[in-house]
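Everything below concerns the one structure shown next.
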């Protein structure tokens, strides 16, 4: 089986990571690589680490250049995927790494992103209850945001088992690649190195409603989410600390049992018994390292999750979801081995 | 006025920062520098950045070498300061950067640090209500922990004004110098760089009761604290994200007013109106950059504070407190200007 | 074909990288993992990124535990490999990542490392003229040092083509993982981050004679080498700047032609036409990115090479050499794709 | 004495560092702060670390806004200072941090920077023979480039004492702030962190002729310079490794004696006897840490120098030179104490 794929937005960080993974995927043949302003340039200018594709020339992102592929990955700014998907036809598998089709509530979409809601696609977080069924045979997939992936996986088992109150605090420490290759002063190396900084504080980050949606789905009730992203001086990685008040009688044994049960058969979720997750151990891998604990003094369950924002947080989830949609073994082309130190 | 000072533990990070600040303090003359295992070596081996003291030889940390100074700073492991202070006599100002005399509750001390409680000294966080009065003319000062400094300053105005419930979540992202010059594998550059990692999760970090004590003092009731420290790939800096449920009717205007009132005359506390705190802006300075917001959806007040863990978080607080105790202008030898980028 | 391998020194950085690569090698089965002081502990304590081997327990490094494997990789301190190799017998392929068998001159060995010379093994730098022939069917392989790999590959084509005088200057900027997991103060994250520092200046680094040996072999005459290593705040990567006086009439065209000819068929050597090598593009890959130029004003040929010190600089070279020795395709289990950004 | 100063280019990194130092200068009053595109904004938007000036509003860089100050510091792009200096009149001390007036040879200027040469100003490297005399009472000062400062100070004593041949190799590892706050993809944190990269290789960097000019002046003959800059993942700091062939009979004693003699009375130059320079020890200070050695095998003298590119490499040199020109003690407002770790 040879799956012919295209990547729209191949000059960006998400596009580069998709290509890195797809170069190692045994069933895939890499077709068109497209870009916006960088169309016409060699891929090596933007992705010098992808030697086998160094001399590929970026095409314009148009329906024509993307047509004729089995799978089209979209790594584009918000608001661009609906129109392209419409023209690609129902037989092409379209995997959208952008936000356009993640939220189920049209009002949420308009409030957080502005404009009209483009509809909801099957959600590419297979570890969420019910997600695999929706992804099987799907022709449209919405890849989750990187922060929602960490926060959701950190607390979903607690909500599934009814261990906590629906009142969540999440602080996620992220590397800078999550912001993409945007030329903004605060993303310059000179500003980033040696500094930790908050942004989008107070529930203003667009990933907030996506976290609430995911946890609410598992909890079966509305979950309030206080989410704060923090930028740390590293290129990759998200370390999520998430907590919620425990319900009466919930102790560490109950918490551990719930997480073990939830993730026993998950190929990419790794529960730690000792030590605490560190993002370096997940670099370039599709694994999530997690640990849960109950703080009896504070009355809270606290879970910490580490992942690579570009891999499991974006491109790895996209490939994992593609595998499911195409009926391939879910782990094809993906690794649980990080590059460390 | 010339104040003759000594520093015990001059080969460590806290000791080095004390000396950096004291070299710029106009009223101070630097006397004995002492160490444990490094006694007998030149200071330049350990603190190559302190050129004016490069050829000083470290003495052993004994009562003899420390005697005869107006002020003795102790940057020692836990459990060493009480005995030394007892022998130094009541006329010497002893400023303890360790934890021995911070906690007021003997039971807390025994639970968190083990052994017998050595008593409580005036607490070197002048911005805390009542602290300046206790520091004036003090002969013994307990310098706060670096995490408690950030967490306390982030939420004290909210508790002072009765804006929040006593149920606090704190996640603090710290540089590695907070762990001192300990030769532990997880502190090696190869492990730290490119990685964010949690530790002391679930209320097990020893700074937790100190945060609860400080906020409880301001709130006038017991405050529950869920505290998670996160190690980030930088040498210095702590970025604290702290939140608590808001009481009915509390909005951003009320929060802003409370913080402005609390910190209006504080020389080292800087409230931001736009942008968010970044630790780089505080590097080497005694300033704390703060911002507060109310997240109506989540029902929480969220405050973010940035500081330099070695300066305001340790050595700067020590010098600031010494200034108060000696009747000097509080800002002598301290700066609000960071070294950036 | 299933090759059963063992790794001695599996708890260190070189051992970890060997295992990372071998986990992705299709012909390999991972047998014994051994260590010194860490024997008896789980691999996950030392290598949390190697999830598939997390529960493996480290055995003691003895001839017994290493016996019965087709290939034994030694990632041990200097001076340990000869004795082990002697007991493993002539049919086992022993790949030594240490320095013991790299130098051909016994006097050089004694001068630089001390003690008696253990003999010379085929040298695991296949790109060096004649090296592949020596590696084919070899049962003993000496993996090159990480600095010599960069410096040799940077200048070998210039010497092979007679373009330069045998008077070489090399400055190599390295990440800290090259120093291994040694608990030394100058390798602590707090010291390393934000700092570049030289060490082993003035021809005192032990890799100096190895560079001179390699280039002398290609040049057919003695080559003088001034080598300076510089530590930079990153975990991985070596960026080598190497230069030598050009002989009369040598210009950029001659240099480019010589390098193209030398490396035309090399699967892991990538010549850049524009842009300059950056180590990030090689992270985790076995590729070397190079560019050469002639500075007419200074009268020197300057070559810059980037590689990952743990991959092509150590473990990747080991696997590449093993592939040759076993008659496997040379690139099996190795990649030219880096993990970036 | 109160010196009223203005800074043109106050929103950039060099401008920010000038202001950081001038805030601590006891004889200075800070007047106009000007900028180009950022005129009209608060300084805090660009320099959040300069709290005492947070609410200053940036004026346009015009002769009008700069007039009426005793000293005007120019931190502007190349080619802008001559016109401004002409209009400021001969009584204003103009200190140019740009390159316009560094090179003495008009042909060099045109070749390396293009356009017409604006003339040569007294050169702000007081440690260079004869420089202090030229700076005394000067009304125009050209601050050296950051790389030339390190390379010149590393080798000047060797040339002054006739120890080496005029054939120099320099590799300088620099933090990213040397490139200013330019919004270029290769300066983004995501690209910089974890990577060392060369640029301007082969004698193409514009600082090359300035290094040759300085060393040639000391040597009394033309000096050939092979210069390679390397970008490392840190904000500040330059570590320079410079070498040249030793003349017959030159050994380490001769080299050490020459350097001791040259720098015995220099307040900012610090010769190390053991250990090697690290940039972290110079952070924020005006000190240069140096060490020299002779490599008998390679036949070269090798000197390593560490400095802070924004302090001694730019703004510190500017303040030091201003002090000389105004007859103040040379070290006023400057420190040899770095901020570490």
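Within this structure, residue A:317 passes the test of being touching a residue at least 12 places away in the same chain (Cβ under 8 Å) and within 14 Å of residue A:73 (Cβ to Cβ). Of the helices (runs of 4 or more DSSP H) that lie entirely inside region A:1-80, those containing 2 or more residues that are away from chain C (no Cβ under 14 Å) and on the phi < 0 side of the Ramachandran plot span A:63-66. Taken over region A:218-237, the criterion of being within 11 Å of chain B (Cβ to nearest Cβ), closer than 24 Å to residue B:294 by Cα and not in a strand (DSSP E or B) is satisfied by A:222, A:223, A:232. Within 12 Å of residue B:233 (Cα to Cα), in contact (Cβ under 8 Å) with a residue 60 or more places away in the chain and in a loop (DSSP other than H, G, I, E, B) - does that describe any residue in region B:198-217? No, the conditions are met nowhere in region B:198-217.
When D:160, D:133 are checked against the criterion of being free of Cβ contacts under 8 Å to residues at least 60 places away in the same chain, closer than 21 Å to residue D:266 by Cα and more than 18 Å from the chain's Cα centre (by Cα), a single residue qualifies: D:133.
Checked against the criterion of being under 18 Å from residue D:178 (Cβ atoms) and either in the same structural domain as residue D:98 (by the TED database) or surrounded by 24 or more Cβ atoms within 10 Å (Cβ to Cβ) (or both), the candidates D:31, D:12, D:24, D:36 yield just one match: D:12. Would you mind stating whether residue B:240 is facing chain A (nearest Cβ under 8 Å), within 25 Å of residue D:46 (Cα to Cα) and in contact (Cβ under 8 Å) with a residue 60 or more places away in the chain? The answer is no for residue B:240.
Among all residues of region A:243-253, there is at least one that is outside any loop (DSSP other than H, G, I, E, B) and out of contact with any strand residue (DSSP E or B) (no Cβ under 8 Å at 6 or more places or on another chain). Taking region C:106-192 and the helices (runs of 4 or more DSSP H) fully enclosed by it, the elements with 3 or more residues that are within 9 Å of another protein chain (Cβ to nearest Cβ) are at C:189-192. On the basis of being modelled with pLDDT of 95 or more, within 16 Å of the chain's Cα centre (by Cα) and not assigned by the TED database to the domain that holds residue B:124, does residue B:191 make the cut? Spelling it out, it is not the case that residue B:191 is modelled with pLDDT of 95 or more, within 16 Å of the chain's Cα centre (by Cα) and not assigned by the TED database to the domain that holds residue B:124.
Within region C:263-272, not a single residue is buried (at least 24 other Cβ atoms within 10 Å of the Cβ) and part of a helix (DSSP H, G or I). Checked against (1) assigned to a loop (DSSP other than H, G, I, E, B); (2) facing chain D (nearest Cβ under 10 Å), residue C:285 meets all criteria but (2). Checked against (1) at pLDDT 95 or above; (2) within 11 Å of another protein chain (Cβ to nearest Cβ), residue A:273 passes all but condition (1).
The requirement of being surrounded by fewer than 20 Cβ atoms within 10 Å (Cβ to Cβ), in contact with a strand residue (DSSP E or B) (Cβ under 6 Å, 6 or more places away or on another chain) and at pLDDT 95 or above is not satisfied by residue D:54. Restricting region D:291-333 to residues that are part of a loop (DSSP other than H, G, I, E, B) and within 12 Å of chain B (Cβ to nearest Cβ), the residue that is surrounded by the fewest Cβ atoms within 10 Å (Cβ to Cβ) is D:331. Scan region A:230-243 for residues that are touching a helix residue (DSSP H, G or I) at 6+ places or on another chain (Cβ under 7 Å) and either under 18 Å from residue B:168 (Cα atoms) or surrounded by fewer than 22 Cβ atoms within 10 Å (Cβ to Cβ) (or both) and jot them down. Within region A:230-243, A:240, A:242 meet the criteria. Checking each residue in region D:193-217 for being surrounded by fewer than 21 Cβ atoms within 10 Å (Cβ to Cβ) and within 14 Å of chain A (Cβ to nearest Cβ) picks out only D:199.
The values are calculated or read from the model by the stated rules, or taken from the named source; none is laboratory data. Remember, predicted model here, so these are calculated numbers, not experimental data. A quick note on method: Cβ atoms are made from the backbone with ideal geometry, for glycine too, and the neighbour counts reach across all protein chains shown.
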